[in-house]
Amino acid sequence: MEKILIRPLGLFLICGALLAGCKSAGESNIPLVHAHRGGAALYPENTIPAMLNAVKIGVPFLELDMHISRDSQVIVSHDAFFNSIKALTPEGDTIPKADMKNYKYYTMTYDSIRKYDVGSLPNPAFPLRKNLKCRVPLVAALIDSVEAYTAATGKTPVSYNIEIKSDPAKDGVFSPDYKTFADLCMRVLLSKNLGNRLLVQCFDVRTLNYVHKKYPSVRLSYLVEDEGVSFDALMAKLNFTPQVYSPEHDMLTKEVVLKAHAIGMQVAPWTVDKREEILRLKRLGVDAIITNQPDSVMMWLGSKESELK
């Protein structure tokens with residue numbers, strides 16, 4: 001085993017506050033771990049209990065998603081509606097798959113949204129997950145809960161990788177227009193004074209270009225899917241170079257990692273849960289890995305220390 005594999009978790013926590021600034025590209029070959037949706041394989045995704053558990057086990061970065069309610073509240077959810085495999089109605093009933101898009105957040109007030117249960121229903125994708133009754137949180141409440149927990153327990157403050165879930169196909173149907181969407185999200189996020197512990201990610205190049213222009217101090221991550229488009233063609237869609245390039249993991253080659261590093265971007269692939277792929281990405285020199293099972297990934301990377309005292 002390489003000596004670098006036994007560095008302690010402290011390296012993760014020191015670097016976690018500043019993904020793009022704590023090390024130069026390729027300086028350390030231990031990627032930082034981002035808990036995807038708080039660690040969806042461990043606790044109900046995008047909930048406060050999931051985030052607190054991730055902090056408890058020593059994850060330096062929390063990854064989460066934002067949508068907008070009818071009353072312009074910024075909520076934490078990956079889906080734009082109550083998914084039938086993840087949510088129960090306030091009465092405890094399941095939501096028919098054919099009807100779930102009728103339960104879209106953009107047509108519901110937060111007072112209604114908060115009554116649904118998004119944690120009790122077992123998720124077949126994650127059979128070992130802890131199931132418990134949870135609500136869709138406001139992003140402000142989630143951040144406040146995490147910050148209060150780290151302060152109370154003396155843990156190193158974590159960083160946040162937060163996605164604005166805008167998309168041209170969603171405008172006016174599942175979300176407001178992308179500028180309004182971004183402004184509502186940024187107003188809340190900037191009010192938390194997270195500084196360099198905040199990283200905002202998005203697939204939507206309209207939103208990334210807009211946020212970069214209007215909020216130039218905010219660190220941004222460019223999410224991309226494997227659509228057979230080259231790295232150069234993807235980068236040409238942006239008016240600037242973001243701090244982080246975040247591709248679907250199977251898109252990555254050594255050449256792409258080197259290209260990203262050469263123009264000053266960190267590389268943070270998503271969403272990786274298999275040990276063999278984790279180690280392949282580490283060998284490529286990625287800077288972070290977004291995963292549903294951060295406990296296992298930290299162990300595979302040889303960097304996990306027990307904090308469950």
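The values are calculated or read from the model by the stated rules, or taken from the named source; none is laboratory data. These numbers come from a predicted model, not from an experiment. We place every Cβ from the backbone using ideal geometry, glycine too, and count neighbours over all the protein chains shown.
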Touching a residue at least 12 places away in the same chain (Cβ under 8 Å), in a strand (DSSP E or B) and more than 30 Å from L279 (Cβ to Cβ): which single residue out of M66, M100 fits that description? M66
Just need a number here: residues in the stretch 29-41 that are surrounded by fewer than 24 Cβ atoms within 10 Å (Cβ to Cβ) and either at pLDDT 95 or above or not in a loop (DSSP other than H, G, I, E, B) (or both). 1
Across the stretch 132-155, what is the number of residues that are part of a loop (DSSP other than H, G, I, E, B) and within 19 Å of the chain's Cα centre (by Cα)? 4
Report yes if H249 is surrounded by 15 or more Cβ atoms within 10 Å (Cβ to Cβ), modelled with pLDDT of 95 or more and closer than 22 Å to E277 by Cβ, otherwise no. yes
Which one of these is more than 16 Å from the chain's Cα centre (by Cα), farther than 22 Å from G39 by Cβ and in contact (Cβ under 8 Å) with a residue 60 or more places away in the chain: F174, F231? F174
Name every residue in the stretch 177-212 that is outside any helix (DSSP H, G or I) and touching a Leu at 6+ places or on another chain (Cβ under 7 Å), in order of residue number. L198, L199, V200, Q201, C202, F203
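Per-residue answers, yes or no, for (1) of a type outside the set (F, W, Y); (2) at pLDDT 95 or above; (3) within 16 Å of A35 (Cα to Cα):
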site: R197; (1), (2), (3): yes, yes, yes
site: R219; (1), (2), (3): yes, yes, no
site: D226; (1), (2), (3): yes, no, no
site: K254; (1), (2), (3): yes, yes, no
site: M299; (1), (2), (3): yes, yes, yes
If we keep just the residues of the stretch 284-295 that are part of a helix (DSSP H, G or I) and in contact (Cβ under 8 Å) with a residue 60 or more places away in the chain, which is farthest from H36 (Cα to Cα)? D295
Per the filter on the stretch 183-231, residues in contact with a strand residue (DSSP E or B) (Cβ under 6 Å, 6 or more places away or on another chain) and small (G, A, S) are S221
Return the residues of the stretch 249-271 that are free of Cβ contacts under 8 Å to residues at least 40 places away in the same chain, out of contact with any Pro (no Cβ under 7 Å at 6 or more places or on another chain) and outside any helix (DSSP H, G or I); say none if nothing qualifies. T253, I263, V267
Counted residues, the stretch 210-229 - those being surrounded by fewer than 17 Cβ atoms within 10 Å (Cβ to Cβ) and over 24 Å from P157 (Cβ atoms): 7
What residue, among those in the stretch 104-131 that are in a loop (DSSP other than H, G, I, E, B) and of a type in the set (V, I, T), is surrounded by the most Cβ atoms within 10 Å (Cβ to Cβ)? V118
Restricting attention to the stretch 137-172, which residues are surrounded by 19 or more Cβ atoms within 10 Å (Cβ to Cβ) and among the β-branched types (V, I, T)? V139, I143, V146, V158, I162, I164
Somewhere in the stretch 2-25, is a residue charged (D, E, K, R), in a helix (DSSP H, G or I) and either modelled with pLDDT of 95 or more or buried (at least 22 other Cβ atoms within 10 Å of the Cβ) (or both)? no
In the stretch 69-94, what count of residues is obtained for those that are surrounded by fewer than 20 Cβ atoms within 10 Å (Cβ to Cβ) and not in a loop (DSSP other than H, G, I, E, B)? 2
Those residues of the stretch 26-58 which are free of Cβ contacts under 8 Å to residues at least 40 places away in the same chain and in contact with a Ser or Thr (Cβ under 9 Å, 6 or more places away or on another chain) amount to G38
Taking the stretch 213-234 and keeping residues of a type in the set (A, V, I, L, M) and out of contact with any Pro (no Cβ under 9 Å at 6 or more places or on another chain) leaves V218, V229, A233
Which ones in the stretch 156-176 are under 22 Å from V59 (Cα atoms) and either hydrophobic (A, V, I, L, M, F, W, C) or in a helix (DSSP H, G or I) (or both)? V158, I162, I164
